[in-house]
1. Just one of 134, 123 is touching a residue at least 60 places away in the same chain (Cβ under 8 Å) and out of contact with any Lys or Arg (no Cβ under 6 Å at 6 or more places or on another chain); which is it?
2. So which residues in segment 67-94 are under 21 Å from residue 128 (Cβ atoms) and not hydrophobic (A, V, I, L, M, F, W, C), if there are any at all?
3. Quick check: anything in segment 64-82 surrounded by 14 or more Cβ atoms within 10 Å (Cβ to Cβ), among the polar types (S, T, N, Q) and at pLDDT below 85?
4. Against the conditions (1) within 15 Å of residue 125 (Cα to Cα); (2) in contact with a helix residue (DSSP H, G or I) (Cβ under 7 Å, 6 or more places away or on another chain), where does residue 86 fall short? Just the number, please.
5. Among residues belonging to segment 112-122 that are modelled with pLDDT under 90 and not aliphatic (A, V, I, L, M), point out the one that is surrounded by the fewest Cβ atoms within 10 Å (Cβ to Cβ).
6. So is residue 98 at pLDDT below 80 and not small (Gly, Ala, Ser) or not?
7. In segment 95-109, what residues are of a type in the set (D, E, K, R) and either more than 16 Å from residue 131 (Cβ to Cβ) or touching a Phe, Trp or Tyr at 6+ places or on another chain (Cβ under 7 Å) (or both)?
8. Which of (1) at pLDDT below 85; (2) farther than 14 Å from residue 61 by Cβ; (3) of a type outside the set (Asp, Glu) does residue 131 not meet, given it meets every other one?
Amino acid sequence: MKPSNLRLRPSRILVFAALLFGFALAHPLASQAHPSVCPEVKVPVDSLVSVQYIGTRDDLFVFRVQVENNGAERYSVLLKNDEGVIVYREDSRGIRFDKNFCLPNDEGSIHPTFVIRVGNKETAYQFSANRTITEKVDVVKQ
C-alpha cells in the first residue's frame, strides 16, 4: 500500500472529532437527562369540568357534561330534578366522562342541577331552561 492512501486529511479528522463530541454530549448519562421530579399541582375542579346547554331536540333539553380526571381520583356525577331528587348518579375513577343528557320538556321549563364531586370537593351547576312557543299569523288583505 502506498503511504499516501493511509494519510487522513485534517478536515476529516475535525469532522469525526466534532461528531464524536456531539454524540458524547447527547448521551443521557453525560447530559444527565432524566425526568424531573415536580411537586404535584392540584388543578381546580372547575377547570376539569364542563357542563353546557347544547340546545333542544324533539321537545328535549340537551345538556353535555364532561369531566377530565387526570389524577385518577374517584368522582361522582349527579343530576337532580326540579324538586332536588337525584335522577342520575354515576361514580367512577375513569379518565374521561363525556355524556349528553336529554331532559324532557313537559311543563315548558325545567331547573336541573348537575353536581360534580371530585375527591371531597363538590361543585353544583344550576340551570333554568324555559321554552316558549309563539305563533306567527300572517293576515293578507285581498
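1. On the way: 134 fails: touching a residue at least 60 places away in the same chain (Cβ under 8 Å).
Step by step, each of 134, 123 is checked, and only 123 is touching a residue at least 60 places away in the same chain (Cβ under 8 Å) and out of contact with any Lys or Arg (no Cβ under 6 Å at 6 or more places or on another chain).
2. Within segment 67-94, 80, 81, 82, 83, 84, 88 meet the criteria.
3. The answer is yes, given that some residue of segment 64-82 is surrounded by 14 or more Cβ atoms within 10 Å (Cβ to Cβ), among the polar types (S, T, N, Q) and at pLDDT below 85.
4. The number of the failed condition is (2).
5. 120
6. In short, no.
7. Within segment 95-109, 96, 98, 99 meet the criteria.
8. (2)
The values are calculated or read from the model by the stated rules, or taken from the named source; none is laboratory data. This structure is a prediction, so every number in the text was calculated from the model and none was measured. All Cβ positions, even for glycine, are placed from backbone atoms using ideal geometry, and neighbour counts span all protein chains on display.
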